[in-house]
Amino acid sequence: MKQDLISVDDLTLSDIQGWLALAAQVDGMPASEKVTRLRGRVLATLFFEPSTRTCLSFESAMYRLGGNVIGFSEIATTSVTKGESLRDTILTVEQYADAIVIRHPKEGSARLAAEISRIPVINAGDGTNQHPTQTLLDLYTLQKSYSRIDGLKIALAGDLKYSRTVHSLVQALIKFEGVAFTLVSPISLMLPEYLKAEIKARGLSCLETTDLREAALACDVVYMPRIQKERFPDLLDYEKVKDAYCIDIEMLAGVPDHLKIFHPLPRVNEIHPDVDGTPYAGYFGQVGNGVIMREAILLKLVGGMP
Ligand code: CP
């Protein structure tokens, strides 16, 4: 039976631990061993929204596993512009490929695609809802950096309202023991109430503040997505908050030596490039872990593991 990856909410802690263990196994595999695993298989990447990392890292992962990739990264070149429905697109692409990676601006679109498709569907981001493969690579990055996820003090900073990477990550972190959250955002971009309720229902610590430096001094991790300009109904509201937070070298004076800053990227102006050369910068290593986690996902869902 096919397996999809649509939402972190569908995963148990044991499922997540399984993904982390598989990623660690893949991390240790020689390239020569990987490259035969998905030979002859085809991955379809359907990107109805822009992407650099998610699209290219899935492509890189598939090629490193010996497979091939077809797909599109803008709808202008597809029959969607002629009015083709998502249903018909999926029913067509499943004739060409062994798995589908889909990014779409509408919440729930990946779930719909999975219900239609007879081949595995992987959600690469649906609107403001979920980005489960980003979450798995974020968790793998935390596990590699700290040798644990339980008990970490994590500041989520910036656009907590519209960032699907934050929404998915919160739903995963609450499954671990004793994670303590500090939520740092402008009032207009606070974490949705349903997610705060999920944190509280697990009895986890959850502080809210607008002071990013205070959070950086007190936490192990700062996770900082960009302000999601494209999700604002009114761009005037975006203009009011677009420069709300920027981490620079001065802000990092006196922070714990082990503090790591992560960012799903793309970065706009949230982290000054001067920070890149400091030991606190974890975001490009995080990008590299994206290929490993996506290799693991493809191996499991497309069938390259014994
Ligand atoms: N992190 C992430 O989803 O980046 P892209 O939008 O470039 O895929």
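The values are calculated or read from the model by the stated rules, or taken from the named source; none is laboratory data. Since the structure is predicted, the reported quantities are computational estimates derived from the model, not experimental observations. Cβ: placed from backbone, ideal geometry, glycine included. Neighbour counts: every protein chain shown. Protein only, heavy atoms only, side chains kept; ligands, DNA and RNA dropped before computing areas. Shrake-Rupley method; radii C 1.70, N 1.55, O 1.52, S 1.80 Å.
What tally of residues in region 220-259 results from selecting those that are within 13 Å of Ala157 (Cα to Cα) and touching a Ser or Thr at 6+ places or on another chain (Cβ under 7 Å)? Going through region 220-259 one residue at a time, the tally reaches 3.
Is it the case, given these coordinates, that Glu107 is without any contact (Cβ under 8 Å) to a residue 24 or more places away in the chain and more than 17 Å from the chain's Cα centre (by Cα)? Considered against the rule, which asks whether it is without any contact (Cβ under 8 Å) to a residue 24 or more places away in the chain and more than 17 Å from the chain's Cα centre (by Cα), Glu107 comes out as no. Within region 22-60, restricting attention to residues that are out of contact with any helix residue (DSSP H, G or I) (no Cβ under 9 Å at 6 or more places or on another chain) and more than 16 Å from the ligand (Cβ to nearest atom), the residue that is nearest to Ile292 (Cα to Cα) is Gly28.
Might you let me know whether region 232-246 holds any residue that is in contact with a Leu (Cβ under 8 Å, 6 or more places away or on another chain), aromatic (Phe, Trp, Tyr) and open to solvent by 20 Å² or more (accessible area, probe 1.4 Å)? Give the steps one after another, and end with the answer.
First pass over region 232-246, keeping only residues in contact with a Leu (Cβ under 8 Å, 6 or more places away or on another chain): 241, 244-245.
With the extra rule that they be aromatic (Phe, Trp, Tyr), the set shrinks to 245.
Now restrict to residues that are open to solvent by 20 Å² or more (accessible area, probe 1.4 Å): 245.
Yes - at least one qualifying residue is present in region 232-246.
On the basis of being surrounded by 19 or more Cβ atoms within 10 Å (Cβ to Cβ) and free of Cβ contacts under 8 Å to residues at least 60 places away in the same chain, does Ile271 make the cut? So Ile271 fits the description; yes.
Which ones in region 33-59 are assigned to a loop (DSSP other than H, G, I, E, B), out of contact with any strand residue (DSSP E or B) (no Cβ under 8 Å at 6 or more places or on another chain) and crowded, with 19+ Cβ neighbours inside 10 Å? Matches in region 33-59: Arg37, Leu38.
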